[in-house]
Amino acid sequence: MTQASYPSLRDRAVLVTGGASGIGAAIVRGFVRNGARVAFLDIDRTSGEALAAGTGALFLPCDLTDTTALKTGVAEAAQRLGPVRVLVNNAANDQRHKVEEVTEADWDFSQDVNLRHQFFAVQAVLPGMREAGGGSIVNLSSVAWMFGAPDMVPYTTAKAAIVGLTRSLGAALGPHGIRVNAVAPGGVMTERQMRLWHTAETKANLLARQALRSELLEEHIADAVLFLGADDSRMITKQCLTVDGGLR
Ligand SMILES: NC(=O)c1ccc[n+]([C@@H]2O[C@H](COP(=O)([O-])OP(=O)(O)OC[C@H]3O[C@@H](n4cnc5c(N)ncnc54)[C@H](O)[C@@H]3O)[C@@H](O)[C@H]2O)c1
């Protein structure tokens, strides 16, 4: 497949949350390939250490639902790589429940792991990004809320909120030269997705709903994130870019 190349990313300090596996790992590999200095935060030590060993990216183990730990991780990334110029808020957990079975704890956990850290990661990188003259923030949303996926209401609520978060932060931070955009992936059959939620049949059904009948891969999402992180998208902010192969 084609591999996007963005010279403006060379030597840029990039921080990716949830970068150890799945789409986040493809994003880390994409920025590394473009010569950026990349750090990633993740709770999964095994995958994180393996990816760091394979790419040279800086892995900082962190539970992003702990805002103090998140701030410590952001500070360490900035101290070791320089002020963060590109932040990718990617970490998530797409827990599924029947509506009747969602507890308050499930609800709160879903907002914490899918939404809250996106805002506080932005707040944590902000002083350095402003001082460095600007930057780009990319928040991972999902098409699941656009379709109204019935079995993951706390998740879809958080993923819809990310578009509001993106638009308001884009308005607030634009005057400082900071762009804020979202990417909404369609169905990417990561190893985790196949292990937990999908079968060969549900995967085939999803493909049949795409206008483009090729399998949507982690790298397709990473390419959109790279474009929004690079200067090539310099006048694009407050947008949500859907990458789903034209799902219906
Ligand atoms: N895979 C898809 O089909 C799909 C579809 C739509 C949207 N998305 C979105 O794209 C992004 C990446 O998707 P994915 O399928 O690769 O995600 P994923 O569920 O595999 O998780 C992403 C990463 O987040 C990490 N993570 C989870 N909880 C964490 C915590 N508390 N602290 C730190 N790290 C934590 C995981 O270890 C993992 O490495 C997510 O925001 C997801 O919501 C994915």
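Annotations for the structure displayed:
- The accessible surface of the range 7-243, taken with every protein chain in place and a 1.4 Å probe, is 55 percent carbon and sulfur.
- Charge context of L247, other residues only, Cβ under 15 angstrom, K/R +1, D/E -1: +3
- Here is how the number arises for the chain: DSSP H runs of 4 or more residues each give -39500 (n - 2.57), the sum is divided by the residue count, and the result at 222 nm is -14000 deg cm²/dmol.
- Rounded to the nearest 10 degrees, the angle from helix 218-229 to the longest Cα principal axis of the chain is 40 degrees.
- Cβ-defined net charge surrounding A171, 14 Å radius [Lys, Arg +1; Asp, Glu -1]: +3
- The alpha carbon radius of gyration of the chain, expressed as a multiple of 2.2 N^0.38 Å, is 0.95.
- Build a GNM of the chain with springs between Cα atoms under 10 Å apart, and of L212, L115, L81 the one that fluctuates most is L212.
- DSSP finds beta bridges in the chain, and of those with both partners inside it, around 5 percent are antiparallel.
- Length-normalised contact order of the range 7-243 in % [C-alpha pairs under 8 Å, at least 6 apart]: 21 percent
- Anisotropy class of the range 120-225 from Cα gyration tensor, a/c 1.5 cut: prolate
- What the chain shows is 46 Å² of accessible area per residue, with the surface traced by a 1.4 Å probe over protein heavy atoms.
- Among 220-231, 100-111, 5-16, sorting by the average number of other beta carbon atoms lying within 10 angstrom of each residue, highest first, gives 220-231, 5-16, 100-111.
- Summing Cβ point charges (Lys, Arg +1; Asp, Glu -1) relative to the Cα centre of the chain gives a dipole of roughly 820 debye.
The values are calculated or read from the model by the stated rules, or taken from the named source; none is laboratory data. This structure is a prediction, so every number in the text was calculated from the model and none was measured. A quick note on method: Cβ atoms are made from the backbone with ideal geometry, for glycine too, and the neighbour counts reach across all protein chains shown. The protein model used for the area step is the full one, side chains on, heavy atoms only, and it has no ligands, DNA or RNA in it. Shrake-Rupley method; radii C 1.70, N 1.55, O 1.52, S 1.80 Å.
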